[in-house]
Each structure stands twice: as structure tokens, then as C-alpha cells.
Amino acid sequence: LAIDIGGTKLAAGLVDDRGGVRWRASVPTPRGTDAEALFSCLAALMATAPSGDVMVCGVGVGGPMVADGEQVSPLNIPAWRDFPLRGRLAQLTGLPTFVDNDAKALALAEGWRGGAAGVDSYLAMVVSTGVGGGIVLNRRLLDGAEGNAGHIGHVVVVPDGRLCRCGGRGCLEAEASGTAIAAISGRPAAEADAALVARTGRLVGQAVGSVANLLDFKLAVVGGSVALGYGAAFFAAAQAQLDRGATLPYSRGARIRPVGLGPDGPLVGAAAVGFRGRGHLAFEPTGPWG
Ligand SMILES: [Zn+2]
């Protein structure tokens, strides 16, 4: 049972152990600040799932979180601050339940059956309303102390730049997210001119280059409505900047490409969070299929 909790919609799906989506449904994320109303909406959505032989519940949700999703405070969902999501879902479903950051979930999905399949070390990121990321190194998804590793949206790309939701200045999310682009241009991000598309690509390429130099990988796969909406012009600008920044012997030649999974990516990722929690994910060395 896969659940993707986004700022725009809540999605649920049944995903098989090969990453095939057997059933899916979604509803718009309720506006407002009532934590229980939001959870009730999610529970009602989950209740529409057909009965079946379900082994685990996996969840992708925006960061940050503490204790590996025991409490979540997604920046894009003000209704939940320190919300005990994992425990509440486990109680509701009676299933072993695992919660992770939605961009980390996407990283698992892309390595499982997407654009990073067969690659041992890579970055997956989303450039959308916000900017998120997840990093796999040596076939292991990085977690960090409380599950927040990979938050590339808060790497600084413009010194003393725009104020970020995190309180910092000049973070990638504050400069290159859809929200930031709309604030900079005064128009919806989708209507950005060529110069702003190129700037967005350059900033993403700059951040990816810094992280590639730090962590030693040669592939970044990028999804999200902003990156995919801008398409070739965005990716060309990002690659050119990455070429300028990733110049060490081990990072030179790093590539930035669109994600391989389409709209199913978030649900496949949420399922991967569940399978990983149960020790059943191919590209992690503990998995029985590896
Ligand atoms: Zn920030």
C-alpha cells in the first residue's frame, strides 16, 4: 500500500513487488490548518482501496521529519507540525508502516526501475513548487541522523540571496523552485522567459556540481513540474553549469538527466519505502533480490 502526501494532492496506490501500480486514487489536499481533518481525508481515500494481500504500507511525504517519520512537519503542508504520521497510519491499517521523505522515495524508485536503474551512486531530485532530493551512494539510500539526508533544496547557491522558508538566504529552493520563480517574475513559473529558465537550470547545475564534488557520483536524475515543464532548455543550462563545477577527476563527466519514471514515480517510490523497510529492495545489499 503506497501513499504519497503532497501539497497539491494526496495519492494512494497498490504497488506490486516489481513496481507495477495495480490501483491508484487521489484527492486534492485539503486547505486549512486542521491536522485531524487532513488525516481523515487521507483515511477516507485509503478506504477506497480494493482488498488484497497487502504486506506493508510505505509513505512518501515532504520534509522535514524527526525519528525517520515518527513525526512529520512538511513545509508544504502547514496543517501537520510534529504530526505522528507513522504511528497513526500503522494504527489505521494494522500493517507494518514506513515513512520517508518524498524525494528520498523518488530516489529509491528511480534506482529500482527508473532513470538510475543499475547505477550504484546517484542523486535524484525534484524541482517543483519546492526543491527536494535523495542520494544513493554505493547502493545505499542515505538517511542521516533523523532521516533528512539529501535536502539539496537548502544548499546555498546565491550568497545573501532570497529569504528561504527555512530561515536561510539564497538556498536553491528560494531561488529555483516554482514558488521562487513566480515571486521573482510576478507570473506563474510555467510562463518564465528564456532567461529565467536558463538561470533556474544554472542554479540547479551549480548545486548538483557541488554535491557531486562532495559525494563522488556521476548521475543526477531530475523530476518535478518545473524541471520537466522547462524541458531541454533547462537541462542544457543545468548540464553546462555542472560541466563547469564538476571538474575533479571523479566528478568530471557527471550527467544531469530527466527522471525515467513518469507520473507513477511518487507512488512507486512510496512503495519502495515500504519494501525497503521490510528489507525487500533489490538494490540495497540486504535485499533478497540483490
Ligand atoms: Zn532553505
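The values are calculated or read from the model by the stated rules, or taken from the named source; none is laboratory data. All of these numbers come straight from a predicted model, not from anything done at the bench. Using ideal geometry, Cβ is built from the backbone for each residue, glycine included, and neighbour counts are taken over all protein chains shown.
Entry remark, the stretch 143-155: residues being out of contact with any strand residue (DSSP E or B) (no Cβ under 6 Å at 6 or more places or on another chain) and more than 11 Å from the ligand (Cβ to nearest atom) number 5 in total.
Of all the listed residues (A124, A116, A145), the sole one being out of contact with any His (no Cβ under 9 Å at 6 or more places or on another chain), under 19 Å from V211 (Cα atoms) and part of a strand (DSSP E or B) is A124. Just one of the numbered conditions (1) surrounded by 21 or more Cβ atoms within 10 Å (Cβ to Cβ); (2) over 12 Å from P266 (Cβ atoms); (3) not small (G, A, S) is not true of R88: (1).
Quick check on my filter: what residues within the stretch 42-80 are charged (D, E, K, R) and farther than 16 Å from V21 by Cα?
Residues of the stretch 42-80 that are charged (D, E, K, R), as a first pass: 53, 68, 70.
Within the stretch 42-80, D68, E70 meet the criteria.
Checking each residue in the stretch 164-186 for being on the phi > 0 side of the Ramachandran plot and more than 8 Å from the ligand (Cβ to nearest atom) picks out G170, G186.
Specify the residue that is farthest from the ligand (Cβ to nearest atom); the eligible residues are those in the stretch 111-126 that are among the hydrophobic types (A, V, I, L, M, F, W, C) and over 13 Å from the mean Cα position of the chain (by Cα).
A117
Against the condition within 28 Å of F275 (Cα to Cα), modelled with pLDDT of 95 or more, more than 15 Å from the ligand (Cβ to nearest atom) and part of a strand (DSSP E or B), how does L228 come out, does it pass? Break it down stepwise before answering.
Details: within 28 Å of F275 (Cα to Cα): yes; modelled with pLDDT of 95 or more: yes; more than 15 Å from the ligand (Cβ to nearest atom): yes; part of a strand (DSSP E or B): no.
The answer is no for L228.
With the condition kept exactly as written, say whether any residue in the stretch 156-163 is assigned to a strand (DSSP E or B), touching a Lys or Arg at 6+ places or on another chain (Cβ under 8 Å), within 14 Å of the ligand (Cβ to nearest atom) and more than 19 Å from A246 (Cα to Cα). Checked against the condition, which is being assigned to a strand (DSSP E or B), touching a Lys or Arg at 6+ places or on another chain (Cβ under 8 Å), within 14 Å of the ligand (Cβ to nearest atom) and more than 19 Å from A246 (Cα to Cα), the stretch 156-163 yields at least one hit.
Only one of the listed residues (I152, I181) is modelled with pLDDT of 95 or more, among the β-branched types (V, I, T) and closer than 13 Å to V226 by Cβ. That residue is I181.
Candidates are the residues of the stretch 127-142 that are assigned to a loop (DSSP other than H, G, I, E, B) and small (G, A, S); the one that is nearest to the ligand (Cβ to nearest atom) is G130. Of the residues in the stretch 26-47, how many are among the hydroxyl-bearing types (S, T, Y), modelled with pLDDT under 95 and closer than 16 Å to D4 by Cβ? Matching residues across the stretch 26-47 total 1. Note on the stretch 172-185: residues that are touching a helix residue (DSSP H, G or I) at 6+ places or on another chain (Cβ under 8 Å) and either surrounded by fewer than 16 Cβ atoms within 10 Å (Cβ to Cβ) or free of Cβ contacts under 8 Å to residues at least 40 places away in the same chain (or both) total 6. Residues of the stretch 172-222 that are part of a loop (DSSP other than H, G, I, E, B) and farther than 14 Å from V126 by Cβ: G186, R187, P188, A192, D193, D216, F217, K218.
For the stretch 35-69, how many residues are without any contact (Cβ under 8 Å) to a residue 24 or more places away in the chain and assigned to a loop (DSSP other than H, G, I, E, B)? I'd like the intermediate steps shown before the answer.
Kept after step one, since they are without any contact (Cβ under 8 Å) to a residue 24 or more places away in the chain, are these residues of the stretch 35-69: 36, 40, 44, 47, 51, 53.
With the extra rule that they be assigned to a loop (DSSP other than H, G, I, E, B), the set shrinks to 47, 51, 53.
Residues in the stretch 35-69 being without any contact (Cβ under 8 Å) to a residue 24 or more places away in the chain and assigned to a loop (DSSP other than H, G, I, E, B): 3 in total.
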